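Enquirer: Dropping a structure here in structure tokens format, bear with me for questions.
Just so you know, all these numbers are worked out from the coordinates, no wet-lab data involved. Owing to the predicted nature of the structure, the values given are computational and were not obtained by experimental measurement. Here Cβ is always computed from backbone atoms with ideal geometry, including for glycine, and neighbour counts include all displayed protein chains.
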Amino acid sequence: MESQNAHPAAGYSSLKMQDAPASAVDGHSVTKRLQSELMQLMMSNVPGISAFPVSDSNLCQWTGTIAGPEGTPYEGLTYKISMTFPANYPYRAPVIRFVSPMWHPNVDMSGNICLDILKEKWSAIYNVQTILLSLQSLLGEPNNASPLNAQAADQWDNNKAEYKKSLMAHYKDIEELADE
Amino acid sequence: MDADITDPSDWLSTPLSSLSTLDALLRCRICRDLYTAPMVTECAHSFCSLCIRKCIAATPASEHPCCPICRAAVTEVKLRRNQVVEEVVGWFRAGAREGLLSVAREGGKGRKRARVDDQDEKRSEAASSAAAEVRRSTRARPTAYVVSTSSSTSLLTITSSYQEIPPSPEPTTDGAYVNLDDDDDGLVPCPVCDKRMTVKQVTRHIDSCLSLKANTSSSSSTTPSSSTSTKPKTLLASSSTTPPHQKRLPKIQYSMLSEPKLRQKLQDLKIPSHGNKQALQARHSEWVSIWNANVDRSVPRAKTQLLRELAAWEESLDRFPAGSRVSAEGLEEWGVKHKGDFRELIAQARRNLPKRAEAKAEVEGEAELESDKAAE
């Protein structure tokens, strides 16, 4: 704790930080916004998606789950994702990755996702809930124009049975993941 | 739950659930909090001044800043204050929300009482400790009364009606006024004379303060007048007479400045000037956003307050290192402080979950806590 506080205090010696209530300094902060998002997620309870901070003490690292949408090859499967929020969130997008092995045209084998709203089309009004819903719909509607996984894109277009087979070969149940 | 974090869903469990919509409409889509110095864009969307300014500042130089909602181009100098919204939010935040909510919760409780078990009640009571006093004193009020009260347009009407109810010994909603502003002492400076006072006082005080300044022979004193009808007038007056020290700061083309020159700029502004050029640039940009957003407030805050905000921002950079893998260390303290909130959230979520999903969430929630304990 000590060492971590050493640097930023340097230029602000005239300010008595400890005197300020949390509300004064926490104004528009990342933590406050994430707290609010957590609350919204809990209260709205949208089926098929969930997200929670990895631990009480680390609000910038979340883990989430997405249920495969009905009527898609992912129906009945649940995928785990990780979300890392930058200091300037929500002005910058969080880094989202599939933790579960994912077979999808726009997801590579390391779980990296190619989705415009997580990159250049990011907007400060997007939030965890909108991201999760976008990812969920991406599962059923891949963008095959710019695939990260060319083989998956090809199977999706030409051989759905093969696609489902590859998908199941890579799939790992969320319980199994937790054991690793 | 944390008294700091309010949410439109607070209304959903009360008979006044439709107020959830109003509550949501009075919130900035970026920070999700009630508007602070709302600004309207060219495309007619509103955001907190600081939120939209930081949003514009975060846009890469190669791109034109756009509205977070509709992606229409926005220009910082074309932002205009959204005064009606500011006044409505001011009223809402200044106690109307809390007052209505406590009345609404009381109404809901009367209905649900028979079904609610003791433990549940205790928990929700602790969650809204601020409103507890009011609720206790007005417990017996029927719902019908609540609805008729909520239609009144001013909080003063509501508080005075409180006093007329026989079983209510004292109107405790007054307490809500005092700690409204986020200043450390709960006081705000008068934008004209810098004298510190409560928000309630300042809105009344400005009028007399201004007339005193404009006409030195004026006989009016600085004591708050008892008339409430002056409120809209005072807001108008304060916006049209911005003090000279509340001038907006210009943007800087950082690529045109050398590191020593930029450092000098920060020194001239009397803000910390340590670090490399990248740090200086980020700090300067943040300061310009904070400063200019403060100018947009009808009741601007003192510079020390702004410096504190800047320091908090700098600290948060350390806690949330951008791009890199994040360590839990920096947030430990925060986590310990808010541990109760998380537990409360989990409890709330469980109560709200439909039976079907309940079992699953419980397993997940517990696993989360377990792994956390293990980590500690």
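Enquirer: Please rank B:His64, A:His170, fewest neighbouring Cβ atoms within 10 Å first, as an exposure proxy.
Expert: B:His64, A:His170
Enquirer: Could you give me the ³J(HN,Hα) list for region B:274-279, computed from phi with Karplus coefficients 6.51, -1.76, 1.60 and θ = phi - 60°, whole Hz, x at Gly and Pro?
Expert: Ordered by residue, 3J(HN,Hα) equals 8, x, 7, 4, 4, 5 Hz.
Enquirer: Sort largest first and round to whole Å: the equivalent ellipsoid semi-axes of region B:254-316, each the square root of five times a Cα gyration tensor eigenvalue.
Expert: Gyration-tensor ellipsoid for region B:254-316: 22, 12, 10 Å.
Enquirer: Calculate the mean, over all residues of peptide B:26-37, of how many other protein chain Cβ atoms lie within 10 angstrom of the residue's Cβ.
Expert: Shielding by partners across B:26-37 averages 4.
Enquirer: Among B:Lys78/B:Lys247; B:Lys54/B:Lys303; A:Lys119/B:Lys251; A:Lys80/A:Lys119; A:Lys32/B:Lys54; A:Lys32/B:Lys265, which pairs are too far apart, with a Cα-Cα distance over 22 Å?
Expert: Table pairs above 22 Å Cα-Cα are A:Lys119/B:Lys251; A:Lys32/B:Lys265.
Enquirer: With the crude spin-label approximation of a point 7 Å out along Cα→Cβ, what separation in nm comes out for B:Gln278 versus B:Glu63?
Expert: Distance between the two pseudo-spin positions: 2.0 nm.
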